[in-house]
Amino acid sequence: MKKTGAGPDGGRRPLEQALREYARGIIGGLLFSLPLLYTMEVWWAGFIAHPVHLLFYLSAGFVLLLGYNRYAGLHKDASWLEVGIEAVEEMGIGLLLSTFFLWALGQIDGAQPWPEILGKITVEAVTVAIGVSVGASQLGGSREEQEGGMAGDTRAREGSSVLGHVVLAACGAVLLASNVAPTEEIVQIALETTRWQILLLALLSLAFGGFVLLYGGLDGDGDSRTTVISRSVIQYAVSLVASAFILWFFGRFQGTSLATSLAEVVVLGAPACLGASVGRLLLQ
């Protein structure tokens, strides 16, 4: 796992550097995903999920890892091969951590059917893996590593700033929204709120995202208000798409009307937008 360029002593102590990076990855993975590892609804989702849904969920998580590594996590000279290797390592660590904690919590054992075991591990592993990627690149890096990360971010802005913005927003949205989506409260709130309240919640979420972009030290400096507004809309759209995907995966649309499903998306879109906007301060 090599999230940034090696420091001055990187060649002399590669093992120690690698251990530090793996440790940061493990800490980040647990920091972002520990609530999910203790959530009964997530265990149940892994139990009932169709294999095709699991494969799709795992693939979507892997794409997010590729995007984050490309636009924020790795040093500026990283090739797509290095990006892919990093993503495979992070997903592997996510799978291992999920397996260990689910076993330690008594949620998987040799007596259970393999589809149930694999389903539970897969559902947990995606969020853990994204946390591993963020933790390995951002937690406690050296000055040289931080400069390498900033250089990678500069490359993202110069090369494909809109795509980089979308990827980082999606990672932040998934990290936060996936901790809330499995709970019953999302459905309950969607059923109890009026259409005007849902509309107000959507407008407040959009306004909050724009406020962070304008005053949060990310895109406000040197950018016109038109750029901030457009990026706020893109960011909120990404949050809604991420929310809809996560709610679909956890079966929150089953047996509900279209109006209720849309309300659920907007309700979950609020914390997702928080993750997409505030989370980008951490992810970058």
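Can you find a residue that is open to solvent by 50 Å² or more (accessible area, probe 1.4 Å), charged (D, E, K, R) and closer than 25 Å to E116 by Cβ anywhere in segment 70-84? There is no residue in segment 70-84 that is open to solvent by 50 Å² or more (accessible area, probe 1.4 Å), charged (D, E, K, R) and closer than 25 Å to E116 by Cβ. Quick check on segment 236-252: of everything there that is modelled with pLDDT under 90 and not small (G, A, S), which residue is surrounded by the most Cβ atoms within 10 Å (Cβ to Cβ)? Checking each candidate, the answer is R252. Within segment 179-209, being modelled with pLDDT of 80 or more, within 24 Å of the chain's Cα centre (by Cα), not β-branched (V, I, T) and not in a loop (DSSP other than H, G, I, E, B) holds for A190, L201, A202, L203, L204, S205, L206, A207, F208, G209.
The values are calculated or read from the model by the stated rules, or taken from the named source; none is laboratory data. Computed from a prediction, not measured in an experiment: that's the story for all the values here. Note that each Cβ is placed from the backbone with ideal geometry, even for glycine, and that neighbours are counted across all protein chains shown. Only protein heavy atoms, including side chains, enter the accessible area calculation; ligands, DNA and RNA are left aside. Shrake-Rupley method; radii C 1.70, N 1.55, O 1.52, S 1.80 Å.
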